[in-house]
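Data first, discussion second: the structure below is written as C-alpha cells.
The values are calculated or read from the model by the stated rules, or taken from the named source; none is laboratory data. Values in this document were obtained by computation on a predicted structure and should not be read as measured data. When we count neighbours, we look across all protein chains shown, and the Cβ atoms used for this are built from the backbone with ideal geometry, even at glycine. Note: areas computed on protein heavy atoms with side chains; ligands, DNA, RNA excluded. Shrake-Rupley method; radii C 1.70, N 1.55, O 1.52, S 1.80 Å.
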Amino acid sequence: MTDDFERMWADLAPVGRSTSSGGYFRQPFASAEEELRGWFAEQAAARGLTLETDAFGNQVAWWRPEPTPGQVEILGVLTGSHLDSVLDGGAYDGPLGVVSALAAIDVLRDRGVQPSRAIGVGVFREEEGSRFGLACLGSRLATGSVAWAEVEGLRDRDGVALGDVTAAPENGAGGILADVGCFVELHVEQGRVLVDSDDPVGLASGIWPHGRYRFDFTGRADHAGTTRMEDRADPMLTYAMTALAANKQARLSGQRATFGRIDVAPNGTNAVPSRVTAWLDARADSDEALGALVAAVEKQASERAGRDGTTAVMTAESVSGAVAFSADLTDRIRSTRSWPVLPTQAGHDAGILSAAGHPSAMLFVRNPTGVSHSPDEHAETVDCLAGVEALADALMELV
Ligand code: GLV
Ligand code: MN
Ligand code: MN
C-alpha cells in the first residue's frame, strides 16, 4: 500500500508545479488539470474500474461487484475529491482525497474484500472556483443545485465564458451521481485541530456557512500629483477601509473575513484609480452570523464611500449554507475507530452532495502546520497512509 500511494503521489508531484514558488496552478479546463484527469483515467483503467465522465468533465470510476442472484441493488458508496487547485496552491487539497481513494481500493482488494455494493472514486471539476468564481461548480451542476443557465455565462479573468470551454452535464437519473448513495471525502486538514489533539486522522461534523462577495468601488481617475488630496474621489481608500473594517468585524465576532483578490483600473502608479473591484471571502459559524457579518461590512463600505465621494456596490457570487454531515454515516465510520470529530471552515464537494440529499461524511488527515491554499501545505506520508487505512476501514464498514 505504501508503494501504491507513494508511486501515485510521485506521478502527480510535477504536474502544474511552479518552479519559482513550488506551489500548484491546476486551474480547470487548462493543461495541468487535463493531464491530471488523464492520469486518473489511466489509474482507473489499471484497476479495471469503469470510468464515467459527464459533459462538464466530472469523473467517477466504479468498482461494481458481480450481482448475486436475488440481490437487491443498493446505491453505491462514492469516495474521492478534486484535482484542481487554487492559484499557487498546495499539493494536498484535493489530490490527497483522490489518491487515497484509489489506494484504499487497492487495500480492500489486498484484504480480499468482495463489496456488496459498488464503490466509486470521484473527481469533481472546478471545486476551488479558482477560474469561474463559483466554488464546487462540478458538484453543484452534477447534483442539480445550480442550473447550467445560471452559470454558463460566468467568465474567467481573461473573459472566456464557461459555456465556451465546456458543456452542461446531466443531473438526476441520467447524471453521473445517479448510482451514488452516500459520499465519503478524505481531505487534508486545513487547520491545526489534529495537531493539537495528536491524532493522524479526524472526521468532520459539518462545514461553516461561507460565501464570496464582489465589491465594486467606483471613483474618478485623476492625476496623482496635481490633484489636491481633498479634491479626490479615490475608490482605493474606500476599498482599504472596507478591508480593515471586515478584518475588525470578523475578529470581534469570532468569524472569518478575507479580501484576497483585487482588480484595479487603470492600475497605474501615478493616477488615482477609477475603479477597484475586490472580493470578500466571509465565513461564520451560523447562517445568521454570516448574514450579519456581511451586512456589517457592506454597511461600513457604503458609509465610507459616502465620505470618499465614491460608490460601493456588493454582489454575492457564491454562497454555501451551513452543512451538518450525516451523523449516521459518521458514527458508522467512528465505529471502526473513534477518530475525533471537528467542524471545518472550508468548503467541499461533500457539503454540496450532503445538501443535495446524499448522506456524506469527511475524513481529515493531519496537517502539521495547518497551512493550506499555499505552497507550504503539507501532510506527512505516515499520516497520509493512516488516512488511506481509515478510508479503507470506512469503505469496508459501508460495503
Ligand atoms: C475551498 O477550499 C474553500 O473553502 O474555499
Ligand atoms: Mn481548497
Ligand atoms: Mn479541497
Quiz prompt | Only listed residue being open to solvent by less than 30 Å² (accessible area, probe 1.4 Å), touching a residue at least 60 places away in the same chain (Cβ under 8 Å) and closer than 22 Å to residue 290 by Cβ, chosen from 316, 324, 356, 346 | solution = 346
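Conditions tested, residue by residue: (1) more than 16 Å from ligand 2 (Cβ to nearest atom); (2) modelled with pLDDT under 95; (3) open to solvent by less than 20 Å² (accessible area, probe 1.4 Å).
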| residue | (1), (2), (3) |
| --- | --- |
| 46 | yes, no, no |
| 52 | yes, no, no |
| 60 | yes, no, yes |
| 73 | yes, yes, no |
| 82 | no, no, yes |
| 89 | no, no, yes |
| 96 | no, no, yes |
| 107 | yes, no, yes |
| 123 | no, no, yes |
Practice problem: Identify all residues within the range 224-276 that are over 30 Å from the mean Cα position of the chain (by Cα), more than 18 Å from residue 304 (Cα to Cα) and of a type in the set (A, V, I, L, M); write none if there are none. | Solution: 224, 271
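Which residue out of 305, 301, 295 is in a helix (DSSP H, G or I), out of contact with any strand residue (DSSP E or B) (no Cβ under 6 Å at 6 or more places or on another chain) and in the same structural domain as residue 235 (by TED's automatic domain parsing)? Give the steps one after another, and end with the answer.
On the way: 305 fails: out of contact with any strand residue (DSSP E or B) (no Cβ under 6 Å at 6 or more places or on another chain); 301 fails: out of contact with any strand residue (DSSP E or B) (no Cβ under 6 Å at 6 or more places or on another chain).
Just a single option satisfies the conditions, and that option is 295.
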Quiz item: In this structure, does residue 149 turn out to be without any contact (Cβ under 8 Å) to a residue 24 or more places away in the chain, more than 16 Å from ligand 2 (Cβ to nearest atom) and in the same structural domain as residue 102 (by TED's automatic domain parsing)?
Solution: yes
Practice problem: Filter the range 113-144 for residues that are under 21 Å from residue 102 (Cβ atoms) and of a type in the set (A, V, I, L, M, F, W, C) and give the result. | Solution: 113, 118, 119, 121, 123, 124, 142
Quiz item: Would you say residue 217 is over 18 Å from residue 370 (Cα atoms) and within 27 Å of the chain's Cα centre (by Cα)?
Solution: no
Exercise. Sort through 224, 233 and tell me the only one that's surrounded by fewer than 16 Cβ atoms within 10 Å (Cβ to Cβ), in contact with a Ser or Thr (Cβ under 9 Å, 6 or more places away or on another chain) and not acidic (Asp, Glu).
Key: 224
Quiz item: What is the number of the single condition among (1) open to solvent by less than 20 Å² (accessible area, probe 1.4 Å); (2) within 16 Å of ligand 2 (Cβ to nearest atom) that residue 373 does not meet?
Solution: (1)
Exercise. Mind listing whichever residues of the range 184-207 are under 15 Å from the mean Cα position of the chain (by Cα) and either charged (D, E, K, R) or surrounded by 23 or more Cβ atoms within 10 Å (Cβ to Cβ) (or both)?
Key: 184, 185, 186, 187, 188, 189, 204, 207
